[in-house]
Amino acid sequence: MIAFIRGNVWSYTSDYAIVDCHGVGYKIFMPNPTTLNLKEEVLIYTYEHIREDAHILFGFTSTEEQELFERLISVKGIGPKIAIGALAAGGIATIVEAIESGNMAYLKSLPGIGNKAASQIVLDLKGKLVEVDENVNDSDALLDAIDALKSLGYKPKEVNMIVKELRKSKATTVDAYIKEALGIMAKQKGV
């Protein structure tokens, strides 16, 4: 699987961006690609959706956005195109708040989501999402440390619970963030 792509924004439409990575153009469907700047370097976290007739990349500017997307597509009746449309129409924090509070009216206002799908989203995801702060710009080192912890087998919920503490850290490298994260988790478990 392709975990992320770093490259320059070649072009975009309202549905996707084409990112040039060392001479290869990747077409990546994403929420609001028009917010990207042409010819600037970007890091896009990706989800590769493989069907019999297509290999499609979906992209995100943050790991929180990617995680919410993956949670949404785990819900019966919600496919990748609907999940991307929902993320494009509403922000991460707004969608999480709507799910946690059971705001069916808001969820039904998102493109492709009807009454049945909104009910299923609340049923499947309420209480399983961690509120995120969209206004925080995490450093690449912190984002890489978060991804590394998840790849080491820590559950996303465990990692998300300590992100606020890591944001206060004076760490500047991936290793320093990981070391600090492991210390915080050990204290929480009473080790």
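The values are calculated or read from the model by the stated rules, or taken from the named source; none is laboratory data. None of the values given here were measured: they were computed from a predicted structure. Neighbour counts are summed over all protein chains in view; Cβ atoms, including those assigned to glycine, are modelled from backbone coordinates with ideal geometry.
Scan the range 69-89 and tell me whether some residue there is of a type in the set (D, E, K, R), buried (at least 17 other Cβ atoms within 10 Å of the Cβ) and out of contact with any strand residue (DSSP E or B) (no Cβ under 8 Å at 6 or more places or on another chain). For the range 69-89, residues of a type in the set (D, E, K, R), buried (at least 17 other Cβ atoms within 10 Å of the Cβ) and out of contact with any strand residue (DSSP E or B) (no Cβ under 8 Å at 6 or more places or on another chain): present.
Results for (1) in the same structural domain as GLY90 (by TED's automatic domain parsing); (2) modelled with pLDDT under 95; (3) within 22 Å of PRO111 (Cβ to Cβ), shown as yes or no for each residue.
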| site | (1), (2), (3) |
| --- | --- |
| SER14 | no, yes, yes |
| VAL19 | no, no, no |
| PRO33 | no, yes, yes |
| LEU38 | no, yes, no |
| LEU43 | no, yes, no |
| TYR47 | no, yes, yes |
| ILE50 | no, yes, no |
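I'd like the residue in the range 52-68 that is of a type in the set (A, V, I, L, M, F, W, C) and part of a strand (DSSP E or B) and, out of all such residues, is farthest from the chain's Cα centre (by Cα). Out of the qualifying residues, it is ALA54. Those strands (runs of 3 or more DSSP E) of the range 1-51 in which at least 1 residues are surrounded by 11 or more Cβ atoms within 10 Å (Cβ to Cβ), acidic (Asp, Glu) and touching a residue at least 12 places away in the same chain (Cβ under 8 Å), considering only elements entirely within it, cover 16-21, 41-51.
Assessment of the range 152-165 against the conditions (of a type in the set (Lys, Arg) and either touching a helix residue (DSSP H, G or I) at 6+ places or on another chain (Cβ under 8 Å) or over 21 Å from PHE60 (Cβ atoms) (or both)) yields no matching residue.
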